[in-house]
Each structure stands twice: as structure tokens, then as C-alpha cells.
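Heads up: the structure comes next, in C-alpha cells.
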Amino acid sequence: MKKLLAILMMFSVYAMGADSAPLPLPTSGNVTLTLAEYNRLMELASKPNKQRETPPLPYAIKRADLKLSVTSDNVLGTVQMDGEVFSKNAAKVPLTTGLTILNARQEGKMLPLEQEGSTSTAILPGAAEFSVTLDTGLPLMIEAGRASFNLPVPTAGSVRLSLAIPGDHSMVRISQGIITSRTTERGQTLVEATLVPGQPASVWWITGVVQQVPVVKHEVRFLSDVKTLVTVNDEELRIAALADLTVVQGDPTQFTVEFPAGYEITGASGATVESSEIENGKLILRLNSSAPRAHQVLISMERPLNGTKADAPFLTFTGTQRETGEVLVEGTGAMELTATEGGGLKRVDLKEVNPYLRALARFPLQAAFRYHRQLTEVPTLALEWTRFPDSTVLAAVAERAEVTTLVTVEGRTLTEVKLTVKNQAQPFLKVGLPQGATIVSADVAGEKVKPVQGPDGNRVPLLRPGFRPTGPYEVSFVFMLAGTPFAKKGGSELALPSMDLPISLLEWELFLPEQYKVKDFGGDAIAANLLPAPLTEVGDITGTFNKTTVYSFGAIKENEGLGYSARPASGSTDSTRGAISGTAVDPQGAVIFGANVKAVNERTGATFTATSDNSGAWRVNLLPPGSYKVEVSAQNFKTTAMPGVIVNAGRSSNFGEVKLWVGDVSTTVEVTAQAPLIETTQAQITNTFSGTNLSTDAAVSDRPEKKDRDRKKLEAPPQAPASDNVLNLQKRVAGVLPVRIDVPRAGNSYRFARALVLDEETKVTFNYKSEVKSR
């Protein structure tokens with residue numbers, strides 16, 4: 001035991017010595033850190049100090065509760081305002097403006113206020129909520145039978161008022177506020193209301209003093225002018241009456257309006273109207289306290305219609321000294337309305353109607369009247385109408401549609417549709433594409449737009465943002481269809497999409513590969529050469545005469561068995577000049593579109609040019625008399641030259657069919673033996689040159705079999721070289737359109753036309769036969 005005590009004492013001494021000895025300090029020198037820890041510390045050191053965002057508002061007053069009591073000569077109470085200061089520092093908070101502050105407290109402690117003009121402000125600590133209570137007082141204004149006071153309303157999120165008024169007062173009114181509760185308890189009238197924040201409120205009520213103060217009553221006299229708009233629609237008759245009331249004597253507190261039975265009042269408003277109610281079949285308009293001498297009231301009412309006849313009502317203000325007015329009748333939709341007036345109602349021109357009354361109208365005006373009511377007559381207006389069914393109005397129309405279709409050996413088709421559109425308000429074109437077709441590109445007035453896929457079909461925009469068309473413009477789209485590959489021979493059918501836009505004239509150019517011989521065309525389109533020829537620019541004079549003349553080639557017809565003649569347009573020739581014409585054809589007799597014709601005067605060198613139309617016809621007019629060399633050329637054909645052509649004054653000569661042979665355009669075939677020229681102006685044949693005819697077909701044109709063959713050519717579309725539309729579409733496929741398709745570079749074009757197309761497909765069928773082995 002003694003040994004244990006000795007050991008404990010030794011440990012105690014050692015512990016006491018250890019507590020008193022200082023702890024060893026670490027040696028100075030470098031501190032070893034891992035690379036990751038070092039990088040973390042460096043990253044923390046390089047970060048900028050986080051900036052505190054300042055609040056957008058330094059403070060906000062959330063709510064304000066006003067508890068006021070009315071005494072004999074003033075109004076006393078408290079205003080409690082709850083809010084929050086958002087800034088970190090203290091903020092100067094405006095509390096009220098225009099109130100007399102008796103005392104201010106915050107959390108039971110006195111709160112000092114600063115007065116800045118009429119505004120009381122307080123310095124409140126930042127980043128904390130606050131609740132301030134103000135003891136306030138207001139003066140009470142007492143008049144004969146009326147007491148009132150003006151209440152400045154604090155600017156807060158919501159403002160509520162609790163007001164205690166001695167006595168039983170049912171006529172308590174608050175302007176710029178809504179009374180939510182009114183009760184009578186212990187001889188006091190308790191009113192609760194919601195006020196408009198920041199808007200002064202006017203509170204008034206009727207007191208019992210009105211019976212004690214003698215009031216001199218003046219008879220109320222006023223004049224009324226009622227402007228009435230009568231609207232006849234499908235189901236009801238609507239009335240909108242704008243009444244101008246002018247008080248000439250007395251102080252009216254209300255107006256009484258008499259209106260006919262069967263009508264329902266749907267609205268009664270005015271700047272001086274405080275409330276309105278219907279009593280005993282009459283409309284009572286109660287006025288506010290600050291009513292001026294002039295009042296303007298808008299009253300609307302309506303009743304259902306049964307049939308096509310009705311009498312227009314006239315609103316009357318009870319007690320008016322003079323009543324005048326105007327009546328304007330309008331009808332919705334398409335209708336023929338007859339208005340029969342009576343009782344001093346006078347019909348006037350629509351332009352004479354008051355502009356404020358015309359501003360109320362929204363539909364076509366039918367009739368207008370004016371009246372001055374007399375004691376011996378009552379104005380009447382009987383209406384009878386006939387309604388017509390509504391019809392749609394064209395918002396857009398396409399003057400022309402140019403369609404170009406490229407067909408590949410694989411049966412694929414690439415079609416471009418160009419529309420010349422006149423558009424008023426139609427935003428989209430509904431396109432009913434054939435099964436499996438897709439739109440790959442669309443343009444509006446030269447700028448690309450994006451097609452839209454709707455639930456019932458594709459939509460191509462007709463307008464684009466910022467584009468406001470004032471005249472015709474172009475809308476185009478390109479679509480592709482993977483069809484059936486061509487065989488050695490067979491039949492094919494091509495279709496254009498339906499479009500919900502009326503198209504005056506649709507022209508369709510079909511470009512087929514050159515190795516396919518096609519025939520037996522069918523469908524709902526006709527050959528373009530069967531259309532009446534439009535005005536064509538010919539006779540472009542590049543020599544002595546520098547002007548362009550426009551002529552119209554009529555339909556080719558038989559002229560007394562003497563071949564064919566071109567009908568000259570009126571004024572196309574005169575007595576001092578002549579003209580030559582003809583038809584450009586290939587060796588098989590198919591007409592050539594776009595052939596260039598040049599007539600060179602062999603003496604003066606003056607040159608005159610023309611171009612063949614869709615039927616291959618050409619004509620050069622206004623040629624001075626003399627000897628000419630005529631050259632006819634076309635792409636992929638040799639040039640045919642005919643020297644020594646004599647042109648006589650006042651004569652028009654026709655060559656008939658001028659054949660062009662396949663070959664290089666730079667090669668010229670000169671014909672020295674001319675065919676007999678047909679004088680179309682004289683209806684006789686003139687053998688200007690001796691020899692055989694230029695074309696064997698022209699020599700036998702009077703044979704029956706030749707006439708039958710010519711009719712068949714007119715029924716089927718003639719084969720023609722590709723137009724600029726085909727070439728442009730081929731270029732677009734190569735570098736613009738986002739599609740891969742092997743477009744044939746060589747082929748033949750066939751042109752079709754169709755007039756007056758609306759929301760229906762256009763189809764073309766044909767039979768084909770391959771002239772070479774299909775690949």
C-alpha cells in the first residue's frame with residue numbers, strides 16, 4: 001500500500017511539471033505538400049472575391065392596415081405598415097404623404113421620423129423586416145346632411161381600411177376603393193374596405209343633420225341628346241345608346257331611363273355614374289358627389305330575334321326638357337335591310353351622322369335618321385331584312401403557273417412550280433402532293449422560305465416576314481417523286497399536285513430523255529399549241545428602223561384551198577411596206593418553237609428578226625420593198641437560207657412550212673429554188689421564183705391525207721427543244737437543290753396547258769418506246 005501511494009505521488013509531481021513546461025515549437029523551414037494540394041491552394045488563391053449582388057429595390061412595404069374612428073369633428077386612428085429592408089445598410093423608407101402623424105413606434109419603441117416636404121420618412125436597419133405603427137389624425141368636413149374626409153393612402157402591396165362611424169349610416173361611399181363589409185353594432189356603423197395603393201380616397205356618408213338644416217329644393221331641368229346604334233345580327237338585336245345630358249337647373253343625384261320591355265340591360269357606364277340598378281322596369285343611374293353640369297352615359301341592351309322583322313327602340317330620360325337624337329342602323333353579314341320611319345323621324349345621309357356614333361359601328365351601315373321628340377308624336381322605326389348566305393372571298397389568286405418537270409430513266413421526276421401571285425392576306429398555299437412526293441425547296445419573291453407539314457397536307461408560305469406585296473410577285477417550290485423506272489416500252493402517268501389557289505392559266509413543260517419515243521398523250525391537259533396565240537413580240541428591227549412592234553398570230557386556217565395563211569394583226573402592215581411569214585418544222589413535220597428568223601435586205605443590209613411561237617409560226621413585218629435573204633435557224637438544227645426573196649409594198653407573203661435539218665447550227669443549207677409564195681393579203685398565189693417547192697409537204701398541202709395528218713399534229717403536243725426553265729432547273733439540281741438525281745442532259749420537251757385550275761390535280765398520260773437499249 002505504501003508503495004502504491006509513493007508511485008501515485010511521483011506521477012502527480014511529473015504531471016505538474018509537464019503542465020508548467022512550454023510545448024516545443026516546430027522548427028522553421030520548408031513545408032512539404034503534395035502537388036494536388038498545392039494546385040488546390042493556388043486555385044483558391046486565384047479566385048476573385050465573390051461580389052454581393054445589390055437588391056433591385058432597397059425596401060418594400062408589404063401591407064398597410066388603417067384603423068380609424070370618427071369623432072364629433074375629426075378622424076383618429078392608427079396605421080400599421082409591415083415591410084422589409086433588402087439592402088445590407090440602413091435605408092430611408094418613406095411611410096406616408098399628407099397624413100398628420102401624432103406618434104410613431106417600432107416594436108414598442110419610439111421611432112424618430114424625418115419630414116421631407118409632406119412625406120414622413122424613417123431610417124430603418126438593413127436586411128431585416130420591420131413593422132411600424134403610426135398614430136394619425138384627419139380633419140372631418142361636415143356639410144348640410146353630409147360628412148366626409150379625404151384619406152391619403154400609403155403606397156403598399158395591399159391597403160385595408162377599418163372605419164367606425166357613430167350612428168346608423170347605410171349610405172357610406174368610398175371613391176377609389178371597394179367596400180367589402182358594412183355592419184351596425186352598438187350604435188356604430190363598421191365599414192371595411194380595400195383601397196387602391198398610392199391613390200387618395202374620398203369617404204363620405206349621409207348624416208342626420210340633413211333633416212335639421214333647411215335645404216331649398218330647385219326643380220331639376222336638363223336636356224338630353226341620345227345617339228343610338230342599332231345592330232341587326234343573326235340571333236339578336238343590339239342597342240348601344242350614347243346619351244349627352246346637360247343640366248340647366250338643379251343638382252340631380254340620379255337619372256331615370258325608360259326602356260321597352262323584352263330588352264336586357266347589358267351595361268350602363270359613365271364618368272359621373274357611380275352605380276346603376278333596375279327598379280320597376282326602369283334603369284336608375286346614380287351620380288357621384290362631384291357630378292358636373294354635363295354628363296355622358298353609354299347604355300347597351302339587347303333582345304333575341306325571332307323572324308326577319310323588328311322595331312327599333314328609343315331610350316327616354318324621365319323629366320327631360322328637350323329630347324333630340326340620331327339613329328344609325330347596321331347589319332352583320334350580307335343582307336338587304338329596309339327601314340321605315342315615322343313619328344317625326346327624318347332620314348339623313350350616312351355622312352351627316354355624328355362621328356362618335358359612327359365610331360361605335362363595326363359592320364356595314366344600312367340607314368341613318370335624326371329626330372326631335374315632340375309631345376304630340378313618338379318616333380318609330382320598323383326594320384325588315386333579308387339575309388343572304390355568306391360566300392368566301394378570294395384572298396389570293398395565281399395569274400399564271402409555269403411548271404417544269406424533268407423525268408429520268410429511273411422514273412424519278414423533279415418538278416418546279418412557279419406561281420405569279422396576287423395576294424391580299426393568304427399566308428400559306430395548301431399543296432396536295434402525289435403519294436411519296438416531298439418538297440425540297442421553296443421561294444417567295446426570290447428569297448428562300450421553309451415549307452410546313454400540316455395535319456392535312458403540306459403548306460408552302462405565300463408571304464415571309466417583312467414582305468408586304470403591292471402587286472404580282474413570284475412564289476415557287478420544287479418537289480421530287482420517285483416513280484417507276486422506264487422499261488423498253490410501256491405507259492406512264494404524271495400528276496401535278498392540287499393547290500387551293502385559283503390558277504388562271506397553267507403551263508406545263510415535260511422534259512423526257514431523248515432515247516424514248518412518246519405518243520398517245522392523254523389526261524386533263526391539252527397541247528399548248530392549241531391555246532389561242534397571245535400577243536407575241538416580232539419584227540424586232542435592228543437596221544434602219546429601231547423599234548419593236550407587237551402582233552397577234554391568229555389560228556391557222558384554210559383559205560379557199562390555197563394552203564395556209566397567217567391572219568395579220570390590225571395595223572401590222574401599211575401600204576408602203578410588206579411582210580413575210582412561215583412555219584418552222586423539222587424533217588418529220590413537227591413544229592419548232594423558238595426558231596430564229598432573220599431577213600437581210602440585200603441592197604441596204606438592214607436586218608429584221610423574229611422568233612417562232614408555240615405553233616412554230618413566225619412573221620416579219622414592216623419590211624421595205626426589195627430583195628431579201630431570209631435565214632431560219634434553231635438550236636441543234638442547220639440554218640436554212642433563202643436568198644432573193646422579193647417583198648412587195650402592201651403585200652404579206654407566206655412560205656408555208658420551212659424545214660430545218662438536224663445538224664450543227666453553224667452549217668447553212670442554202671435553198672435557191674423557192675416555193676410559190678402565198679399572198680395572204682390578196683388571197684392568191686404568186687410564183688415569184690421558178691423551180692420546185694422548198695418542202696414536199698407544202699406542195700401537197702391540198703391533199704386530203706395531208707390535211708388529216710395536220711389535224712393530228714394539232715391534237716398532240718409537238719416535240720420541241722428544252723426551254724430556259726429546263727436549263728435553269730438542271731443547273732439548280734447541280735449546285736443548289738439538296739437532292740441527288742441524274743437529270744437527263746439531252747431530251748425533248750412537250751408542252752401542255754390548262755385554264756382555270758382550283759384545288760385539283762392535273763394529269764398527263766402517254767405511251768413510250770425506247771429507241772436504244774435501256775441501261
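The values are calculated or read from the model by the stated rules, or taken from the named source; none is laboratory data. The shown structure was predicted, so the numbers you read here are calculated from the model rather than taken from an experiment. When we count neighbours, we look across all protein chains shown, and the Cβ atoms used for this are built from the backbone with ideal geometry, even at glycine. With ligands, DNA and RNA removed, areas are computed over all heavy atoms of the protein, side chains included. Shrake-Rupley method; radii C 1.70, N 1.55, O 1.52, S 1.80 Å.
Observations on the model:
- Amide hydrogen neighbours beyond the local backbone of Val440, cut-off 5 Å, H modeled: Val478, Phe479, Met480
- Potential extension, Lys47-Lys109 segment - 0.36 nm per residue separation minus Cα distance: 17.8 nm
- Here the range 591-635 has 48 percent of its accessible surface on carbon and sulfur atoms, given a 1.4 Å probe and all protein chains in place.
- Sequence-distant residues sharing a close amide H with Val327 (under 5 Å, placed H): Thr228, Phe369, Arg370
- Protein heavy-atom surface of the range 278-323, 1.4 angstrom probe: 45% of the accessible area is carbon and sulfur, with nucleic acids and ligands not counted.
- For the range 428-434, Karplus couplings with θ = phi - 60° (6.51, -1.76, 1.60), whole Hz, Gly/Pro x: 9, 10, 7, 10, x, 6, x
- Nearest-10 value in Å² for the accessible area of Thr54, using the 1.4 Å probe: 120
- On the basis of the beta-carbon distance and an R0 of 35 Å, Ala590 and Ala755 show a calculated FRET efficiency of 0.90.
- In order along the range 493-507, phi translates into HN-Hα couplings of 9, 10, 9, 9, x, 7, 10, 7, 10, x, 10, 5, 9, 10, 10 Hz, rounded to whole numbers, per the Karplus curve 6.51 cos²θ - 1.76 cosθ + 1.60 with θ = phi - 60° and x for Gly and Pro.
- Legend: calculated FRET efficiency, Gln321 to Lys282, from the Cβ-Cβ distance at R0 = 25 Å, rounded to 0.05, equals 0.85.
- The range 412-540, accessible area per residue, ligands and nucleic acids excluded (1.4 Å, Å²): 49
- Computed from backbone phi with θ = phi - 60° and the Karplus coefficients 6.51, -1.76 and 1.60, the 3J(HN,Hα) list for the range 233-240 is 10, 5, 10, 8, 10, 9, 10, 10 Hz; x is used for glycine and proline.
- Cross-linked pairs Lys62/Lys109; Lys519/Lys763; Lys598/Lys638; Lys517/Lys731; Lys418/Lys448; Lys448/Lys763: Cα-Cα separations exceed 18 Å for Lys62/Lys109; Lys517/Lys731; Lys448/Lys763.
- For Thr762, the residues whose modelled amide H falls within less than 5 Å of its own, excluding neighbours fewer than 5 places apart on the same chain, are Leu496.
- Residue-normalised accessible area of the range 299-394, expressed per residue, 1.4 Å probe, Å²: 58
- Average accessible area per residue (Å²) across the range 100-223 - probe 1.4 Å, nucleic acids and ligands excluded: 57
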